[in-house]
1. For region 22-76, what is the accessible area per residue in Å² when the probe is 1.4 Å?
2. Using alpha carbons only, how many angstrom separate the centre of region 70-120 from the centre of region 13-60?
3. Just grab the label-to-label distance for Glu24 and Leu82, each label 7 Å out from Cα along the Cβ direction, in nm (one decimal).
4. Express in Å², to the nearest 10, the accessible area of Phe91 obtained by rolling a 1.4 Å probe over the protein heavy atoms while all chains stay in place.
5. Full-extension gain between Cys34 and His114, please, as 0.36 nm times their residue separation minus the C-alpha to C-alpha distance.
6. Per q in 0.10, 0.15, 0.17, 0.19 Å⁻¹, report the Debye log10 I(q)/I(0) for region 16-122, using one uniform scatterer on each alpha carbon and no solvent.
Amino acid sequence: MPAAIGQLLPEPQNDFIFALIIEENGWIMACVLCSAYVTWGLCCFQLASFYSYTVQGIQIAALGSLMMLQTGVNLGVVTGLLPVTGVKLTFISYGGSSLMSSWILCGIILSLYHHGREAEEWKN
């Protein structure tokens, strides 16, 4: 009888949480989760496109890309395409510092967008 996937993974609750999500909920939940990350990335780039090549737009695009790169590296590690690096899955992995840094990045992105909108409205 094969061992459970939680026994085969080095840190199932940390780096390999996506593998456990797929094992317990199936490929539909994996597609939902991946589409949520893609939607988040597209929303960041939509916010950044409001500012055509200004500092706020570049910062929003860079921070959104940072979060998407972290997610892509984690999914590559879990699927076996990349070597194990220790990068956490954004918003989901166990650990307070990873979740806190993800929410801080979200707050910075929204703050940049909000203050940039106020500056644009103030100019006009």
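1. Solvent-accessible surface per residue comes out at 60 Å².
2. Cα centroid to Cα centroid, the span is 8 Å.
3. 2.4 nm
4. 60 Å²
5. The span from Cys34 to His114 would gain 26.1 nm if fully extended.
6. Evaluating at q = 0.10, 0.15, 0.17, 0.19 Å⁻¹ gives log10 I(q)/I(0) of -0.33, -0.68, -0.82, -0.96.
The values are calculated or read from the model by the stated rules, or taken from the named source; none is laboratory data. The shown structure was predicted, so the numbers you read here are calculated from the model rather than taken from an experiment. Using ideal geometry, Cβ is built from the backbone for each residue, glycine included, and neighbour counts are taken over all protein chains shown. Remember, those area values only see protein heavy atoms, side chains included, never the ligands or the DNA or RNA. Shrake-Rupley method; radii C 1.70, N 1.55, O 1.52, S 1.80 Å.
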